[in-house]
Structures are given as structure tokens and as C-alpha cells.
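First comes the structure, then the notes that go with it.
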Amino acid sequence: MSELEQLRQEAEQLRNQIRDARKACNDSSLSQITAGLDSVGRIQMRTRRTLRGHLAKIYAMQWATDSRLLVSASQDGKLIIWDSYSTNKIHAIPLRSSWVMTCAYAPSGSYAACGGLDNICSIYSLKTREGNVRVTRELSGHTGYLSCCRFLDDSQIVTSSGDTTCALWDIETGQQTTTFTGHTGDVMSLSLSPDSRTFVSGACDASSKLWDIRDGMCRQSFTGHVSDINAVIFFPNGNAFTTGSDDATCRLFDLRADQELMMYSHDNINCGITSVAFSKSGRLLLAGYDDFNCNVWDTLKGERAGVLAGHDNRVSCLGISSDGMALATGSWDSFLRIWN
Amino acid sequence: MSGSPEIEELPATQTGPKGVIHDWRKFKLESEDHESIPSDKRELLRQMSNPKSSNDDSREKLNRKMSIQEYEMIQEEDERCLRKYRRQCMQEMHERLSFGPKFDAVFELDSGEAFLDVIEKEHHLTLVVVHIYDDGITGCDSLNNCLTCLAAEYSTVKFCRIRASATGAGERFSDDVLPALLVYKAGELLGNFMCITKHLNEEFFATDVENFLNEYGLLPEKDFAACPVEEENVDVE
């Protein structure tokens, strides 16, 4: 038997072992276990603030850790830092490219980052001595578009790219410290674990992977979706994560069970999901769809708990603040809205 | 809210990174000078924009969203073309979503069947607002007047009203939950407000009801106000 044939057999055996191990611990379904749980009731959220200032579709947003400021990126080629309490614009940052796909806020509040079709992750210093905003680094190295970026701290950022890889960067030197390879399709999204030791990525190969940030290894791979995964988000306690896909479903994957626990879908819904967020407790899952609709799901029971903004489907991106007090949504009409 | 003819006509991707790629392709095809892009490149953009057109169905191709030649086409763009394109994008969305039948008055429903009909059989883009009221209950008269005003201002929304006793489910709508406002679209309940007057002042007007519904994202924007023309002040070098 050739060596290649031997290796193929070994891989097949390992796959079977994984499948059997997963089946062995699959003693029940999440919906069965939560059948007796009270439903959350109908969720109806109200707009508390409208943020006006962008001139085109909002592509991405992220809250700052103070749950008050947030950054948004728009087709108008600007990054805007907002004070969501007063609705004031703190900074309006012009970008070199209008085609921005992601933006991020450093936990310290001192930096913002963004990237898109330029394949570059640009880092902006928000707290310069002169009081204005400056580009401090342009992290280039990816050979595909920058789909997502998330700060670990002021000196490290993780990125995902259309070149099928993710990378950890040293912002100071501008170099990639670690490259995470393994996906066979464009990586669309990433989410850092609460303890910052791992992150999960979702890609157009319909799989999501858990990576160890320090050693660059893929610790676990999750399958189940039948089409591109566009969004991923960690469950608040770090033991699970949810993905949103073009197959019109969101799925909850548990790290310890190493498999899918729940699927959030409905026969009436045949539109892909492109953004996901959890409420602070994790009981609610917010999902933004490609037709600009936004559904609120009961994470534990798998039922739909409400629809956000019923008319004029408007949600192009969304995010929940870390104190759990507000949901921000960006729209195709250039406005951002704060809800709770 | 998906699977309807108009929504199916929408391009495959609108949001997220793929939405940006789609917007960029559309910009290159429609907004830039025809001379700046050779016809073979235009053909590539057209093919990549059409999700069903892959004649070469290898797994590799389906997992990659942009081709190498497309990356080479990315360059500095004319700001004027971009501005025009952005306005065009928003205008198209407004038109797409305000498509559908128009109304100008509040419809009185006289039975449970009429109620079900209006919920299930309206155009899938039409928002249906139903006021459940009864005589002698505080707030119902005022609310009816308010909705009459709003019906004239929001022509794409179908405002209706029905007496609790006519619904055939009178017991469900006891006096303490009236007036009730139910909001539907494409057969789905989007908003459910029992005793809506407790959210409003004792004396309320059409604008108060309008603001209330707007806060829940349940009314369309009245004017196309999303295109401010002045440039924002920037403080970045």
C-alpha cells in the first residue's frame, strides 16, 4: 500500500473516531432539555437614539468596552466614533477606500481599526497629543480582502481574510506574529473568546474553527452548515459560539460537546444571515439577515422571540454593548439606531 | 419576510463583506466610465455578480468570492462617481421598499374573517396596523382620529380598526387591554401593544402615536431625508 493510501486510511479512521465520540456524548437535544423552561415572551425593542452623519450604507460597527462610544464604517468612506448617549460625533475619520468591510475598537479605547477590499488592516490612534486622529500602522500581508478584525489589546490584533487565512499581528512592528491556515474558503468573520486565549472563525467552506492564539493550532473544527458561514460570535461564557450562514440558519456549537446543539431557522426564512450578537446573558440571539431584516431568537428554546424594526427592513450590521444595555444597528439608509 | 418575488429579485448579497464586494462590482459596472474597464473585465464582473453562472463548478471556485483579476481592478476611484453611486443605492432601496398598494383612510373591519383576511392576504410589503377598540373605552376615539391622520401621511401602510366584539374573540380583548394596536406584515405579527394608551399621555395626538410606532421601527420614513449634501468636518490628517 502506498504511503498516501495509508495516510488516507488513517485520516478516515480518525474521522470515524471523532464522529463516534460526538455521537457517544450526544445524549439529548438542547430543545428537549429546555422544554420545561418558560419562554422569554415577545421581545419588542424601542429606538432610544438615532445617530445621523454618515452619507451611505453602514457596513460595520463595534461598541467600545465602555458601552458608551462606538465606531461605525460606511460606504461613504468614513469611520465615525460616536457618543451613543449624546449622539455626538467624537471623530470623523476619512478612509482611503470606500469599500470597508470591518471596523474595531481597542479595549483600551485608544485605537480603532478597519479594513476591506484594500487587503490592509489600518490602525488609527484616537488619543494623540495633538487631539486629532492619525493612522499609526497599515498592516499589510493578506492577499485577500480583510473581512474582520478584532483587537486583543493595544499592541495585538487578529484579522480574518478572503485569502482563507487569519492572522495575529504585532501592531508595533507591523508583522504577522502567527498565521492561522486550514480553511479552504474565504474566512468571513472571527470572534475572540472572553479569556482572549482562543478565537473562532467562520468561512465559505461551511466550517468554523477554534484556534489557539498562542500556538496557531486549530483545536477544533465544526461542520453542519451547508453553505458559507458569514458571521460568528462567542457565547458569553466562552463555552459555545453561534454562527450565521447563507443556508438561512444560525447554529449553536458547544466546545465541550464538540458539535452543534441547536439550529435557529424557520420555513419562512430563506435568506442568509450576515451578523449575529448575543445578549449579555446569552439568552437572546440577535441575527441580521441579508434582506436587512433582524430576528431575535430564544437561544435555549430555539424559538423566535421577536422581530426588530418591522417595517422597511433596515439592518445591515448590529452589535450589543458589553454591559448588555444597548443594541446598535447600522442601516442601508446611513443611520445607526440604538435600541433596548 | 423572505421568499417573496420582490425580495428574490434583490441581488444575492447586500450585507456583510460579500455585500461590500457586490456593491463594488455594481459600482464598477454601472458607475465608472465604460472606457476605463475593457469589455473582458466587464464580462468577468458580470459573471462574478451572478451567483448561478458558475459553469466551472469546482469546489475551489465556489469557496472563493473574488477572482485574482478582480483584485487587480481595485484602484483609486473618482469621488464624484462614488457620491452619485451612494445616492443611487439609497434611492433604489427606498423605491424597492415603497413598492406596493397605496391607501389613504382607515378601514373598518366587521368580522373575525375580515381581520384574518387583512392579515394574511395583503401584499407582502404592506404594513398592516389594526386598532382593536370598543365604544366607551377611554382613548379609543382619540386613537381612531390619530390613525385617520396617519393613514393620510403613510400611504403604503394599511390602517384598520375593528370592534373587540366583532372579532369573534371578544373575551380576549377585555376592557383593560383596549385600545390595542397590532402590527402585521406578510402574515406575521411584528408588534403587539395592549392598552397602548398607557404608553401615551392622557391627551395625545397623531404625532405621539407616530413617534411611538417609529421608536419600535414600525413605520417607514416619511421623506427621503437620507442624503445630506454638506461634507462633514473632519479632524484627521
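Here are a few things to note about the model shown:
- Placing a pseudo-label 7 Å from each Cα along the Cα-to-Cβ vector at residue B:194 and residue B:123 gives an inter-label distance of 3.4 nm.
- In the protein assembly as shown, the calculated helix contribution to ellipticity at 222 nm averages -6500 deg cm²/dmol per residue, counting -39,500 (n - 2.57) for every DSSP H run with n ≥ 4.
- Gyration tensor verdict on the range B:107-216 (Cα atoms; rounded if a/c is under 1.5, prolate if a/b is larger than b/c, oblate otherwise): oblate
- Separation of alpha-carbon centers, the range A:61-113 and the range A:288-326, rounded to whole Å: 21
- Ranked A:68, A:256, criterion: other C-beta atoms within 10 Å, fewest first: A:256, A:68
- Its Cα centre serving as origin, the range A:1-81 has a Cβ charge dipole (Lys and Arg +1, Asp and Glu -1) of approximately 900 debye.
- Enclosed volume per residue, in Å³, of the convex hull spanned by Cα atoms of chain A: 134
- Of all DSSP beta bridges in the range B:107-216, antiparallel share, percent nearest 5: 50
- Along the axis of the charge dipole computed for chain A (Cβ charges of +1 for Lys and Arg, -1 for Asp and Glu, origin at the Cα centre), the listed residues A:218, A:300, A:44 are led at the positive end by A:44.
- Placing unit charges on the Cβ atoms only, positive for Lys and Arg and negative for Asp and Glu, gives the range A:202-328 a dipole magnitude near 420 debye about its Cα centre.
- Residues whose amide H comes within less than 5 Å of that of residue A:111, counting only those at least five positions distant or on another chain, are A:106, A:126 (H built at 1.01 Å from N in the peptide plane).
- Working from Cα pairs under 8 Å separated by at least six residues, relative contact order for the range B:107-216 is 34 percent.
- Around the amide H of residue A:198, modelled in the peptide plane, lie the amide H atoms of A:193, A:213, all under 5 Å away and 5 or more residues distant in sequence or on another chain.
- Only the Cβ atoms of Lys and Arg (+1) and of Asp and Glu (-1) were treated as charged; on that basis the dipole of the protein assembly as shown about its Cα centre amounts to roughly 980 debye.
- 3J(HN,Hα) couplings calculated from phi for the range B:202-218 with the Karplus curve 6.51 cos²θ - 1.76 cosθ + 1.60 (θ = phi - 60°) are, in sequence order, 4, 10, 10, 10, 3, 5, 5, 5, 4, 4, 4, 5, 5, 5, 8, x, 9 Hz; Gly and Pro show x.
- For the protein assembly as shown: rounded, prolate or oblate by the Cα gyration tensor [a/c cutoff 1.5]: prolate
- Global form of the range A:1-117, assessed from the alpha-carbon gyration tensor, a/c cut-off 1.5: oblate
- Amide proton proximity set for residue A:136, modelled H, under 5 Å, gap of 5+: A:123, A:124, A:125
Laboratory data are not the source of any read-out in this text; all were calculated from the coordinates shown. In this text the structure is predicted, and so the values were computed from the model without any measurement. Glycine also receives a Cβ, built like all others from the backbone with ideal geometry; neighbour counts cover every protein chain displayed.
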